[in-house]
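Undergrad: Let me begin by handing over the structure; questions about it come next.
The values are calculated or read from the model by the stated rules, or taken from the named source; none is laboratory data. Keep in mind the model is a prediction, meaning the values are calculated, not measured. Backbone-built Cβ (ideal geometry, glycine too); neighbour counts: all protein chains shown.
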Amino acid sequence: MVLRIDPDRMRTDFEQLAAMGGTADGGIARTTFSEAHFEARAWFLERGRAAGLETHVDSAANHSLRLPAGDRSARTLLLGSHLDSVRRGGRYDGALGVLCALEVLRAVQDAGLALPVALEAIDFTDEEGTLVGELGSWALTGELSAEILAAPRGGRDLLVSELARVGLTEEGLLAARRDPSTLAGFLELHIEQGPVLERAGTDIGIVTGIIGSSSFQVVFEGDARHAGTTPMEARRDAALGAAGFVLGVRETVTRDFPGCVATVGDIQIEPGSFNVVPGRARLRMECRSLDPEELDALELALAERARAEAATYGLEVELRRVGRWEPAPTDERVRAAIELAAGALGLTTMELPSGAGHDAQALAQVTPSGMIFVPSAGGVSHDPAEHTAWEDCVNGANVLLGAAVDLARSG
Ligand code: HGY
Ligand code: MN
Ligand code: MN
């Protein structure tokens, strides 16, 4: 008999969770340590307690529910994702994975299964990078360092003030490391956030590897001057360097790094007036590759392009890397468990890489890890229009359940 989750119970929880930080356009605004984020995390612990599960919050504010094994010294199989969202996100990114993990623990408990490992549903802190990016999973795996905290993607000042505001410390973040020998593995269910599964008409994605990415702050420096009295040929206009770089990023990647992606997601022009030639342009750029050496080469090529654009317009330019998330292959045994679980449910599967970053790429550095994808309607994500059919959500949860029990039993 194939074990299954309780879809109605999970649906009730899904709708309740989607109301926390829910926006009028059906999206989610639940950035790290926002009021809605705290509300959602407290709700998660309360749902666990209501199910008789143990709760735990570590010194990186990772929130966990635990179903212990008979042997208290048994290793732990981690299941989970993240409850934080991007500024204008969707209802499924991260949240579905945390909910399905909770539902798996409840289904195993309801079935009275005695497993040789503990199961832990975990909500990692700051996956989306309001402050750092994969902060909680990096902390748990020990990949977080003082160097990363010194120049985080969200800015050093914001990190310091937010940690103080919520009662966390850098020491605590660095002390949240868990001994990998206590872990039996990690499984993350997540929406694909791209169009591949939907286009293929496939139920379940078995993730082969998770893309690596690097984030940069890029600052072009020119001269702020009167926009009326400064001749065009006498200008050091920082906005021109920025504009050239945005187009140069696209040209460099499409011409020289097919299969990679790069994005300039934000440009701040200073002083930002009609009648002043821009003296400074601050850009936030990220680039991604499935291969670490290719990511190195991509970083260098884009830095070179920034310097070329600066030279063209007589500007200075500074690039500062504020984050690097290493590409990570998933574990073969975990992929096999996902395949087996999906097959037992009569679901179709395909292997694919993840173009999005995930906590699983941090966990993969220290313990056998894998990811289960479910289709995203139209491939849309990081937007209120993000949607996954409920049937696909239930399929994903049942595959997570089957794979988790298989991995738990096989030790
Ligand atoms: O940026 C990403 O790929 C992920 O959604 N944090
Ligand atoms: Mn995301
Ligand atoms: Mn996510």
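Undergrad: Quick one: how many residues across the stretch 290-322 are on the phi > 0 side of the Ramachandran plot and touching a helix residue (DSSP H, G or I) at 6+ places or on another chain (Cβ under 8 Å)?
TA: Within the stretch 290-322, residues that are on the phi > 0 side of the Ramachandran plot and touching a helix residue (DSSP H, G or I) at 6+ places or on another chain (Cβ under 8 Å) number 0.
Undergrad: Okay, moving on. If the Cβ limit is 6 Å and pairs must be 6+ apart or interchain, which residue in the stretch 177-197 that is among the charged types (D, E, K, R) pairs with which residue that is surrounded by fewer than 24 Cβ atoms within 10 Å (Cβ to Cβ) and not in a strand (DSSP E or B)?
TA: ARG177/GLY142
Undergrad: Continuing with this model, one more query. Going by the structure shown, is GLY314 surrounded by fewer than 22 Cβ atoms within 10 Å (Cβ to Cβ) and either in a strand (DSSP E or B) or in contact with a strand residue (DSSP E or B) (Cβ under 9 Å, 6 or more places away or on another chain) (or both)?
TA: Taking the combined requirement at face value, the residue does not satisfy it.
Undergrad: How many residues does the stretch 356-385 contain that are within 21 Å of GLY411 (Cβ to Cβ), of a type in the set (Gly, Ala, Ser) and more than 12 Å from ligand 1 (Cβ to nearest atom)?
TA: The number of residues fulfilling the criteria is 3.
Undergrad: Going residue by residue through the stretch 83-102, is there one that turns out to be hydroxyl-bearing (Ser, Thr, Tyr) and either part of a strand (DSSP E or B) or free of Cβ contacts under 8 Å to residues at least 60 places away in the same chain (or both)?
TA: Scanning the stretch 83-102, I find no residue that is hydroxyl-bearing (Ser, Thr, Tyr) and either part of a strand (DSSP E or B) or free of Cβ contacts under 8 Å to residues at least 60 places away in the same chain (or both), so the answer is no.
Undergrad: If you take the residues in the stretch 136-189 that are within 16 Å of ligand 2 (Cβ to nearest atom) and farther than 17 Å from THR367 by Cα, which one is surrounded by the fewest Cβ atoms within 10 Å (Cβ to Cβ)?
TA: GLY154
Undergrad: Could I ask something else about it? For the subset of the stretch 190-209 comprising residues that are within 16 Å of ligand 1 (Cβ to nearest atom) and over 17 Å from ALA336 (Cα atoms), which member is surrounded by the most Cβ atoms within 10 Å (Cβ to Cβ)?
TA: Once the filter is applied, the top-ranked residue is ILE191.
Undergrad: Filtering the stretch 69-96 down to residues that are under 14 Å from ARG41 (Cα atoms) and more than 10 Å from ligand 1 (Cβ to nearest atom), which residue is surrounded by the most Cβ atoms within 10 Å (Cβ to Cβ)?
TA: GLY80
Undergrad: I'd like the full set of residues that are crowded, with 16+ Cβ neighbours inside 10 Å and either under 21 Å from the mean Cα position of the chain (by Cα) or free of Cβ contacts under 8 Å to residues at least 60 places away in the same chain (or both), limited to the stretch 8-22.
TA: Scanning the stretch 8-22 gives PHE14, LEU17, ALA18, MET20, GLY21, GLY22.
Undergrad: Tally up the residues in the stretch 350-367 that are assigned to a loop (DSSP other than H, G, I, E, B), within 16 Å of ligand 2 (Cβ to nearest atom) and among the aliphatic types (A, V, I, L, M), please.
TA: 1
Undergrad: Then there's this: List the pairs whose first member sits in the stretch 39-56 and is over 17 Å from LEU79 (Cβ atoms), whose second member is modelled with pLDDT of 95 or more and in a helix (DSSP H, G or I), and whose Cβ atoms are under 8 Å apart, counting only residues at least 6 apart or on separate chains?
TA: Close Cβ pairs (under 8 Å, with a partner that is modelled with pLDDT of 95 or more and in a helix (DSSP H, G or I)) amount to ALA40/LEU17; ALA40/ALA95; TRP43/GLN16; TRP43/LEU17; GLY52/GLN109.
Undergrad: Go through the stretch 32-54 residue by residue and tally those that are under 23 Å from the mean Cα position of the chain (by Cα), more than 18 Å from ARG11 (Cβ to Cβ) and surrounded by fewer than 22 Cβ atoms within 10 Å (Cβ to Cβ).
TA: Number satisfying all stated conditions: 8.
Undergrad: Picking from VAL394, VAL380, VAL405, VAL399, which residue would you name as being crowded, with 24+ Cβ neighbours inside 10 Å, in the same structural domain as ALA121 (by TED's automatic domain parsing) and not aromatic (Phe, Trp, Tyr)?
TA: Result of the check over VAL394, VAL380, VAL405, VAL399: VAL399.
Undergrad: Check the stretch 330-342 and report whether any residue there is within 16 Å of ligand 2 (Cβ to nearest atom) and surrounded by fewer than 21 Cβ atoms within 10 Å (Cβ to Cβ).
TA: No, that holds for no residue.
Undergrad: Tell me, which residue of the stretch 55-77 that is of a type in the set (Val, Ile, Thr) and closer than 24 Å to GLU170 by Cα is nearest to the chain's Cα centre (by Cα)?
TA: VAL57
Undergrad: Within the stretch 270-300, track down each residue that is surrounded by fewer than 19 Cβ atoms within 10 Å (Cβ to Cβ) and closer than 20 Å to ALA242 by Cα.
TA: Matches in the stretch 270-300: GLU270, PRO271, GLY272, SER273, PHE274, ASN275, VAL276, ARG282, ARG284, GLU299, LEU300.
Undergrad: I'm trying to understand the selection: among the residues of the stretch 264-297, which are in contact (Cβ under 8 Å) with a residue 60 or more places away in the chain and either over 20 Å from ALA227 (Cβ atoms) or among the polar types (S, T, N, Q) (or both)?
TA: LEU283, ARG284, MET285, GLU286, CYS287, ARG288, SER289, LEU290, ASP291, PRO292, LEU295
Undergrad: Just one of the numbered conditions (1) within 16 Å of ligand 1 (Cβ to nearest atom); (2) within 19 Å of ARG41 (Cβ to Cβ) is not true of GLU162; which one?
TA: Just one mismatch for GLU162, condition (1).
Undergrad: Would you check which residues across the stretch 248-267 are in a helix (DSSP H, G or I) and either surrounded by 19 or more Cβ atoms within 10 Å (Cβ to Cβ) or outside the structural domain of ALA308 (by TED's automatic domain parsing) (or both) and list them?
TA: Scanning the stretch 248-267 gives GLY248, VAL249, THR252, VAL253.
Undergrad: Looking at (1) farther than 28 Å from ASP392 by Cβ; (2) within 16 Å of ligand 2 (Cβ to nearest atom), which is the one condition that is false for LEU83?
TA: (1)
Undergrad: Which residue pairs have Cβ atoms closer than 6 Å, lie 6 or more positions apart in sequence or on different chains, and pair a first residue in the stretch 149-164 that is closer than 14 Å to TRP138 by Cβ with a second residue that is surrounded by fewer than 18 Cβ atoms within 10 Å (Cβ to Cβ)?
TA: Hits for this filter: LEU149/GLU170.
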